[in-house]
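A quick write-up on the structure given underneath.
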Amino acid sequence: MDYNPFAPAVKENPYPYYAYLRCHAPAYRVEPFGFWAISRYEDVDYVVRNPQLFSSAALMTVMLGDLNPVPEAPSLISSDPPVHTRLRKLVNRAFTPRLISALEPRLRAITSQLIRRVTSEGEFDLIADLAIPLPVIVIAEMLGVEPERRGDFKRWSDDLVYAVNSASGVLAEEDRARIRQSTTEFRTYFQNTIAARRREPKEDLITGLVRAEEEQQALTSDEILGLTTLLLIAGNETTTNLIGNAILALLDHPTELAKVRADSSLVPNLVEETLRYDTPVQNIFRQTTGDVEMAGTTIPAGTPLLLLYGSANRDERKFPDPDRFDVTRDIQGHLGFGYGIHYCLGAQLARLEAKVVLEALLFHLPPWSRKEDCIQRVDSFLVRGAKTLPLVFNAVS
C-alpha cells in the first residue's frame with residue numbers, strides 16, 4: 001500500500017492506511033516528499049517525549065511558509081528548549097487554568113444564544129451554526145477584540161486556517177493575495193492592540209501576556225503576536241473539529257449515543273474517546289537532530305518526521321479493539337493533544353468548550369438525526385473534521 005497523506009483517499013479515511021503502516025512499515029519514507037511517517041504509538045510517544053532528539057523548529061515554516069504573519073519571532077509550537085522553555089513559562093502566567101475555568105458561564109451563555117437561533121428551524125448545520133462560531137467568539141473575547149471587529153477576526157481566522165490546510169498543495173495566486181491581505185490586517189490590528197494594552201491594561205488575555213514576566217524577562221510584542229496567531233489557528237480549528245467528530249461518531253454508533261443520553265456524566269469521557277478515535281489534529285512534523293533508529297530503521301540527522309497521532313491513537317498495542325468507539329473506554333495516554341513540552345496549550349479550553357456544546361446538544365435540544373449520509377470533510381492532511389454536518393430535528397410522534 002502506498003501511503004501519501006496528501007492523497008484525497010487518505011484524507012477521506014486515513015485509518016486503513018494507518019493500520020497497514022503499523023503492521024508492515026512503522027517507519028515509512030513518503031516519496032517524493034522525503035519525510036518519514038511514524039505510525040506506532042510507542043514510537044510517536046518516544047519522539048514527543050524527547051525534544052532534544054527531535055526538533056520542532058521547522059513546524060511553522062511547514063504550516064504557513066511565507067504567509068506566516070510573524071516569521072521573525074520564535075513560536076511556542078515551533079521552538080525548542082531553551083527558547084520554548086522561556087516562552088511556555090511566560091505564557092503559562094497568563095493562560096492559567098483559573099482563567100479557563102472562569103470562562104464556563106460565558107461559554108454556556110454563548111452556546112445558549114447560538115442554539116436559540118437554530119431551534120426555530122427544523123434543521124441546522126452543526127458546523128456552521130455552532131461548532132465554528134463558538135470558539136471564534138470565545139477566542140475573540142479572550143483577546144479583547146471589539147464586537148464590531150468580530151467579522152474581520154473571523155475572516156482572518158478562516159484565511160489562516162485555509163493556509164494551514166493547504167500546506168500540502170499549491171495555492172492559487174488570488175488565494176495567496178487574499179491570505180496576505182488578511183495576515184497584514186491581522187498583524188496591524190494586534191500590533192496596535194498590544195501597544196494599547198501596554199499603555200492602558202484591560203481584563204483580557206493580551207493584557208495578561210503583556211504583563212507576564214519570569215525572572216525579569218517579558219514577552220516581546222512579536223512573541224505575543226505569534227502566540228495570538230497560534231491561538232487563532234489552533235484555538236478555533238481544534239475545537240470545531242472535536243465537536244463535529246464527536247457527533248459524527250455518536251451518529252455512527254447509536255448504542256453509544258443512547259449510553260450518553262442516559263448518563264450525562266459520560267460526556268467528559270465522550271470528549272476523550274473522540275480525541276482518541278477520530279483525532280482532530282491527525283499529525284505533526286518533527287525533525288531529527290542526529291541519526292536515530294526508529295522501528296528498526298536508521299533515519300539520518302536533519303530528516304523531517306510526520307508523527308501520525310491519528311494512527312498512534314488507534315494502535316492495538318496501546319488500545320484494545322482500537323477501531324471500536326466506546327464512550328466508557330479507559331483512554332489514559334491518548335495523544336489527542338500531543339504530549340510533553342508541546343502538550344496543547346489550549347487543551348483545557350477545547351475540552352471545556354466541547355463539553356458545554358455536547359451537553360447542550362444532547363440534553364437541551366429535541367432529538368436530532370443526520371440529514372445527509374454523505375459528509376463533506378475538511379480538505380486537509382493535518383486536521384480531520386466535517387466541513388458541514390446538517391442535522392434535522394426528529395418529528396414527534
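Taking a ≥ b ≥ c as the square roots of the Cα gyration tensor eigenvalues, the stretch 93-248 comes out oblate, since a/c reaches at least 1.5 and a/b does not exceed b/c. For the stretch 142-152, 3J(HN,Hα) computed residue by residue from phi via the Karplus equation (6.51, -1.76, 1.60; θ = phi - 60°) reads 4, 7, x, 6, 5, x, 6, 9, 4, x, 5 Hz, glycine and proline entered as x. Our coupling estimate for the stretch 339-351, obtained by passing each phi through the Karplus curve with A = 6.51, B = -1.76, C = 1.60 and θ = phi - 60°, is 6, x, 5, 9, 3, 3, 4, x, 4, 5, 5, 4, 4 Hz, Gly and Pro reported as x. Phi angles of the stretch 316-321 translate, via the Karplus equation with coefficients 6.51, -1.76, 1.60 and θ = phi - 60°, into HN-Hα couplings of 5, 6, 9, 10, x, 6 Hz per residue; Gly and Pro are given as x.
From helices alone, the chain scores -15500 deg cm²/dmol at 222 nm; the rule is -39500 (n - 2.57) for each run of n ≥ 4 DSSP H residues, then divide by the residue total.
Annotation: peptides 73-79, 194-200, ranked by per-residue average of other Cβ atoms within 10 Å with the highest first, follow the order 73-79, 194-200.
Overall, the anisotropy analysis places the stretch 357-397 in the oblate class: the square-rooted eigenvalues a ≥ b ≥ c of its C-alpha gyration tensor yield a/c not less than 1.5, with a/b not exceeding b/c.
Within the chain, the longest segment free of exposed loop sites, counting GluC sites (Glu not before Pro) that fall outside DSSP classes H, G, I, E and B and have at most 15 other Cβ atoms within 10 Å, spans 216-315.
GNM remark for the chain: springs join alpha carbons under 10 Å apart, and the peak mean-square fluctuation among LEU231, LEU103, LEU134 falls on LEU103. In the structure displayed, which of LYS89/LYS355; LYS11/LYS318; LYS89/LYS387; LYS154/LYS355; LYS11/LYS202; LYS355/LYS387 lie more than 31 Å apart, Cα to Cα? The answer is LYS89/LYS387; LYS11/LYS202.
Distances between placed amide hydrogens fall under 5 Å for VAL30 paired with PHE35, TRP36, ALA37, all partners being 5 or more residues away or on another chain. If you run the Gaussian network model on the chain, springs between alpha carbon atoms under 10 Å, then out of GLY338, GLY290, GLY385 the most flexible one is GLY290. For the stretch 280-372, chymotrypsin sites (Phe, Trp or Tyr not before Pro) meeting the loop criterion (DSSP other than H, G, I, E, B) and having at most 13 other Cβ atoms within 10 Å: TYR343.
The H on the amide N of GLN282, modeled in the peptide plane, is under 5 Å from the matching H of VAL383, ARG384, each at least 5 residues off or on a different chain.
Radius of gyration over Kirkwood radius for the stretch 281-362, both on Cα atoms: the Rg/Rh ratio is 1.06. Pairwise Cα distances in the chain exceed 40 Å for 14 percent of all pairs.
Do you know the relative contact order of the stretch 8-393, to the nearest whole percent, from alpha carbon pairs under 8 angstrom that are 6+ apart?
The value is 27 percent.
Amide H to amide H distances under 5 Å link LYS202 with THR207, where only residues 5 or more positions off or on other chains count and H is placed in the peptide plane.
Here, each number is a calculation from the coordinates, and none is a lab measurement. This one's a predicted model, so the numbers in the text were calculated from it and none came from an experiment. When we count neighbours, we look across all protein chains shown, and the Cβ atoms used for this are built from the backbone with ideal geometry, even at glycine.
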